[in-house]
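Heads up, the thing below is written out as structure tokens.
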Amino acid sequence: MTDDSKKATLTFGDKELELPIFTPTEGPDVIDIRALYAKGGVFTYDPGFTSTASCDSSITYIDGGKGELLHRGYPIDQLAEKSHYLEVCYLLLYGYLPSAAQLEEFENLVTNHTMLHEQMVYFYRGFRRDAHPMAIMTGVVGAMSAFYHDSTDIHDAHAREVATIRLIAKMPTIAAWAYKFSIGQPFVYPRNDLDYASNFLRMCFAVPAEEYEVNPILSRAMDRIFTLHADHEQNASTSTVRLASSSGANPFACIAAGIACLWGPAHGGANQACLEMLKEIGTPDRIPEFIARAKDKNDPFRLMGFGHRVYKNFDPRATVMKQSADEVLELLGVENNPVLQVAKDLEAAALADPYFSEKKLFPNVDFYSGIILEAMGFPTSMFTPIFALSRTVGWISQWKEMITDPTMKIGRPRQLYAGESLRDYVNIEDR
Ligand code: SDX
């Protein structure tokens, strides 16, 4: 990665600094500014980290211009079509596609760790019934630090592996129980004879009063949604997990921090916000009014499900998700769903509008995922918990990559200070 022949020269004031340039496997070169403050006495300034590489990673690569997303080199459209979520988990965690025996062992491990410590049932009961499932997930995952002490030592490889399996295996149960709790239905326990996605759908929609048969088309669509959300470079929630992990916090606390960050409507909360926006628009004739608001600089309203910090062409996940949306809606006989009609007309109107094409604002992964989840019967409040469930493997893979990096340092950014200079205290009688 280091290429001694490539240097950047930075000249300012009476200083001239030579900074090393690293050449990645894919993507733009990186200027190493680690010595900048020590040698030059200055900071760089990059709020929002639009031009900053916070780490080196081998897990996921995005080419925003080409609309390309690679997981350990494999393109997301091939993985979505030919693989399945637990195999993609293995790939993200260990760096290669597993043999049949390796995959079977991994899937058995996950299957046999889907139950929660029974005492956690009482933890759920401490919430109000109208608690947002993301509030419950943030709390329950953080509380796993208090239930699974034997897998909190980040310096122990076996403990890291146990924590990894526990988190991937238990997230569907945690999310499904958050949903059941919010609708006042009894918890449904996981079953070892069901695959990962089918187990989740059954824990969400089965009731003790009758048998529940999982529709294979819906479980395939669910598994595809999990796969499409698995990892995405150093997005806000993954960066949160890395920063929390850099202090040596235990994995459950770090993943809970990632869940909390994902909740925001500019990030993982966008799928819920997108569906709520489509419902607020209501009918295609109101689309021009909302497009105008999205373009109005004085209006904070933005089109939820549109735009992306990195993708300035199209989000390859949205392309796959759109295909799934058509399959699921046709199966459920809701292809005439008024919300979907608004979504399709909104997408066409926005893509035809120069404001969006000039600013490279295209539908992102959240634009279609919400439509599929709504068609499956999930309330909008469950959209982000499903995103969090899916992204857990990405957070853990990035956490493990950082924790096992011998050069890891605690993250501690600096600032551009714009406050008062030194001044003396003024007694209250003199103010
Ligand atoms: C996810 O990082 C990841 O990888 C995230 C994610 C993942 O898998 O982890 O992909 C998941 O978070 C997808 C994004 C979901 N969020 C939304 O759909 C919310 C709506 N989108 C916007 O909030 C916005 O597009 C962001 C936050 C996604 C990206 O914002 P940026 O890159 O910081 O862009 P910006 O705010 O600087 O906007 C650039 C311009 C601005 O106009 P100008 O100031 O240049 O005149 O585009 C405008 C913005 O006003 N703009 C929009 C818009 N998004 C940006 N205008 C209307 N509607 C929008 N959605």
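The values are calculated or read from the model by the stated rules, or taken from the named source; none is laboratory data. Bear in mind that the values here come from a model prediction, so they are computed numbers and not experimental data. Ideal geometry is used to build each Cβ from the backbone, glycine not excepted, and the neighbour counts take in all protein chains shown. Accessible surface areas use protein heavy atoms only, side chains included; no ligands, DNA or RNA. Shrake-Rupley method; radii C 1.70, N 1.55, O 1.52, S 1.80 Å.
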Which of the residues that make up region 332-346 are touching a Phe, Trp or Tyr at 6+ places or on another chain (Cβ under 9 Å) and at pLDDT 90 or above?
-> LEU346
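Answer yes or no as to whether CYS254 is touching a Ser or Thr at 6+ places or on another chain (Cβ under 7 Å), under 25 Å from PRO133 (Cβ atoms) and among the hydrophobic types (A, V, I, L, M, F, W, C).
Values: touching a Ser or Thr at 6+ places or on another chain (Cβ under 7 Å): yes; under 25 Å from PRO133 (Cβ atoms): yes; among the hydrophobic types (A, V, I, L, M, F, W, C): yes.
Here the answer is yes, as CYS254 does meet what is asked.
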Single condition PHE362 does not satisfy, out of (1) in contact (Cβ under 8 Å) with a residue 60 or more places away in the chain; (2) over 30 Å from ALA206 (Cβ atoms); (3) among the aromatic types (Phe, Trp, Tyr) = (1)
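Hey, among the residues in region 269-288 that are open to solvent by 30 Å² or more (accessible area, probe 1.4 Å) and assigned to a loop (DSSP other than H, G, I, E, B), which one's farthest from the ligand (Cβ to nearest atom)?
Taking region 269-288 first, the residues open to solvent by 30 Å² or more (accessible area, probe 1.4 Å) are 272, 276, 279-280, 282-286, 288.
Now restrict to residues that are assigned to a loop (DSSP other than H, G, I, E, B): 282-283.
Numbers: GLY282: 19, THR283: 20 Å.
The residue in question is THR283.
Out of curiosity, is GLU105 of a type in the set (D, E, K, R) and in contact with an Asp or Glu (Cβ under 8 Å, 6 or more places away or on another chain)? Full working, then the answer.
Details: of a type in the set (D, E, K, R): yes; in contact with an Asp or Glu (Cβ under 8 Å, 6 or more places away or on another chain): no.
No: the conditions fail for GLU105.
Results for (1) under 17 Å from TRP395 (Cβ atoms); (2) away from the ligand (no atom under 16 Å from the Cβ); (3) under 15 Å from the mean Cα position of the chain (by Cα), shown as yes or no for each residue.
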{"residue": "ASN192", "(1), (2), (3)": "no, yes, no"}
{"residue": "ASP223", "(1), (2), (3)": "no, yes, no"}
{"residue": "ASP231", "(1), (2), (3)": "yes, no, yes"}
{"residue": "VAL241", "(1), (2), (3)": "yes, no, yes"}
{"residue": "SER247", "(1), (2), (3)": "yes, yes, no"}
{"residue": "HIS267", "(1), (2), (3)": "yes, no, yes"}
{"residue": "PHE290", "(1), (2), (3)": "no, no, no"}
Please go through region 97-112 and pick out each residue that is surrounded by fewer than 11 Cβ atoms within 10 Å (Cβ to Cβ) and outside any helix (DSSP H, G or I).
-> SER99
Answer yes or no: is there a residue in region 197-207 that is assigned to a loop (DSSP other than H, G, I, E, B) and free of Cβ contacts under 8 Å to residues at least 60 places away in the same chain.
-> yes
Under 8 Å by Cβ, and 6 or more places apart or on different chains, what pairs join a residue from region 175-194 that is on the phi > 0 side of the Ramachandran plot with one that is surrounded by fewer than 21 Cβ atoms within 10 Å (Cβ to Cβ)?
-> GLY184/ARG129
Select from region 169-208 the residues that are among the charged types (D, E, K, R) and farther than 14 Å from MET376 by Cα and write down the one among them that is surrounded by the fewest Cβ atoms within 10 Å (Cβ to Cβ).
-> ASP193
Take region 35-57 and flag every residue that is exposed (fewer than 11 other Cβ atoms within 10 Å of the Cβ) and closer than 22 Å to THR238 by Cα.
-> TYR45, ASP46, PRO47, GLY48, THR50, SER51
Among the numbered conditions (1) under 29 Å from ILE259 (Cα atoms); (2) open to solvent by 40 Å² or more (accessible area, probe 1.4 Å); (3) within 12 Å of the ligand (Cβ to nearest atom); (4) part of a helix (DSSP H, G or I), tell me where TYR355 comes up short.
-> (1)
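Name the residue, out of ALA266, ALA249, that is open to solvent by 80 Å² or more (accessible area, probe 1.4 Å) and not in a helix (DSSP H, G or I).
Details: ALA249 fails: open to solvent by 80 Å² or more (accessible area, probe 1.4 Å).
Going through ALA266, ALA249 in turn, just one is open to solvent by 80 Å² or more (accessible area, probe 1.4 Å) and not in a helix (DSSP H, G or I): ALA266.
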Go through region 176-186 and count every residue that is within 26 Å of the chain's Cα centre (by Cα) and part of a loop (DSSP other than H, G, I, E, B).
-> 1
Which numbered condition trips up ASN364, out of (1) open to solvent by less than 50 Å² (accessible area, probe 1.4 Å); (2) more than 8 Å from the ligand (Cβ to nearest atom); (3) among the polar types (S, T, N, Q)?
-> (2)
Would you mind finding the one in ARG309, ARG317 that is within 9 Å of the ligand (Cβ to nearest atom), under 20 Å from GLY269 (Cα atoms) and either part of a loop (DSSP other than H, G, I, E, B) or touching a Pro at 6+ places or on another chain (Cβ under 8 Å) (or both)?
-> ARG309
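Just to check your reading of the model, which residue among LEU278, LEU243 is in contact with a helix residue (DSSP H, G or I) (Cβ under 6 Å, 6 or more places away or on another chain), closer than 26 Å to MET134 by Cα and of a type in the set (A, V, I, L, M, F, W, C)?
Values: LEU243 fails: in contact with a helix residue (DSSP H, G or I) (Cβ under 6 Å, 6 or more places away or on another chain).
Exactly one of LEU278, LEU243 is in contact with a helix residue (DSSP H, G or I) (Cβ under 6 Å, 6 or more places away or on another chain), closer than 26 Å to MET134 by Cα and of a type in the set (A, V, I, L, M, F, W, C), namely LEU278.
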Breaking point among (1) in contact with a helix residue (DSSP H, G or I) (Cβ under 9 Å, 6 or more places away or on another chain); (2) outside any loop (DSSP other than H, G, I, E, B); (3) open to solvent by 30 Å² or more (accessible area, probe 1.4 Å); (4) modelled with pLDDT under 90, for LEU329 = (3)
Among the residues of region 373-402 satisfying the criterion of being away from the ligand (no atom under 16 Å from the Cβ) and open to solvent by less than 10 Å² (accessible area, probe 1.4 Å), which is nearest to HIS229 (Cα to Cα)?
-> MET382
